[in-house]
Amino acid sequence: IAEESGWLPKWGYGTVETNIMTGDPVTPFLTNAYQQGLLKGYEERAYRVLKKNADGVPPAASPAVGREGNKEYLANGFVPYLKGRPHAKPGDSDYDHGASATLEYALSDAMLAQMARDLGHRQDAERYAARSRNYRTVFDSSTGFFRARDASGAFTGPADPAQSEGFHEGTSWQYQWLVPQDLPGMVGLIGGTRAANDRLDSFFAYDQLLADPAKTAREVWVNGPYDYYNADKYNPQNEPDL
């Protein structure tokens, strides 16, 4: 797709780029395929288009939206949450979900850094690894949670993480764990191992879960397809084995 259109898709549907969802889902998808050996013989070709996606923004003439918030992300370390900003292209916009987009970009940078390192692109690997720590730019120490920032850099939206804005299909409670590339750093921001464990217990309603697992899953956890907003509990959607 990238070699024909010039850019990687965000959510391709057949031959159409829908630009549905936000963040940078194509980078984890392709880097994971690389790690499993599924890109054998195409590693450098895949890396070139992933690098272009990670470092740029598709032009207005392209149907792809790509990393729409890259200009601000590369300059300031975060994608701003610009509520009500008109969409430049059909589909979703990273500016509607600046906080979660920042976390996703940072995770994608971490995965691309690993691929770059494996392929011998050492300078790229160091640059992407440094960017993978940008998750810290949206951490509000006054609340102890990730929080959206506006164009000026100020934290914006309700301080209550269960009411947070700027997160796609979730709240700061759900997105606080989206730092698999630096778990010690994430735990440190939360306040240490004990604080992180206490927060996990609250997130899963652990005491209630032990007392009545079925009732907790039905009535306490997020249980409706669009009930993830205004919530501070675990969302088991798309996990039928649970």
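Read-outs: derived from the displayed coordinates by stated rules, not from any lab. This is a predicted model, so every value here is computed, not measured. Heads up, the Cβs are rebuilt from the backbone with ideal geometry, glycines too, and the neighbour counts pull from every protein chain shown.
Say R0 is 51 Å: what FRET efficiency, to the nearest 0.05, do S5 and L210 get from their beta-carbon distance?
Step by step, r from the Cβ atoms, then E = 0.50.
For the range 1-60, chymotrypsin sites (Phe, Trp or Tyr not before Pro) are listed when DSSP marks them as loop and at most 14 other Cβ atoms sit within 10 Å of their Cβ; the list is Y42. Amide hydrogen proximity for F146: with H placed 1.01 Å from N in the peptide plane, the residues at 5 or more positions away or on another chain lying under 5 Å are D140.
Between A154 and M21, the modelled labels are 3.4 nm apart [label points 7 Å from Cα along Cα→Cβ].
For V65, the residues whose amide H sits under 5 Å from its own are K10, ignoring neighbours fewer than 5 places away on the same chain, with H placed 1.01 Å from N.
Only Lys, Arg, Asp and Glu carry charge here, each on its Cβ (+1 for the first two, -1 for the last two); on that basis the chain has a dipole of about 640 debye about its Cα centre.
The aspartates and glutamates within cross-link reach of K215, meaning a Cα-to-Cα straight distance under 14 Å and a gap of 8 or more places when in the same chain, are D207. The 3J(HN,Hα) values that the Karplus relation (6.51, -1.76, 1.60; θ = phi - 60°) gives for the range 110-115 are, in residue order, 5, 5, 5, 4, 5, 5 Hz. Gly and Pro appear as x. Could you give me D for the range 2-177, from Stokes-Einstein at 25 °C and 0.890 mPa s, where the hydrodynamic radius is the Kirkwood radius over C-alpha pairs? Units µm² s⁻¹, please. Stokes-Einstein gives a translational diffusion coefficient of 149 µm²/s. With 24 Å as the limit on Cα-Cα distance, the pairs of K10/K83; K52/K89; K40/K89; K71/K233; K10/K233; K51/K233 that go past it are K40/K89; K71/K233; K10/K233; K51/K233.
Radius of gyration over Kirkwood radius for the range 104-236, both on Cα atoms: the Rg/Rh ratio is 1.04.
So which trypsin sites (Lys or Arg not before Pro) in the range 1-74 pass both tests, a DSSP loop state and at most 15 other Cβ atoms within 10 Å of the Cβ?
Listed in order of number, the matching sites are K40.
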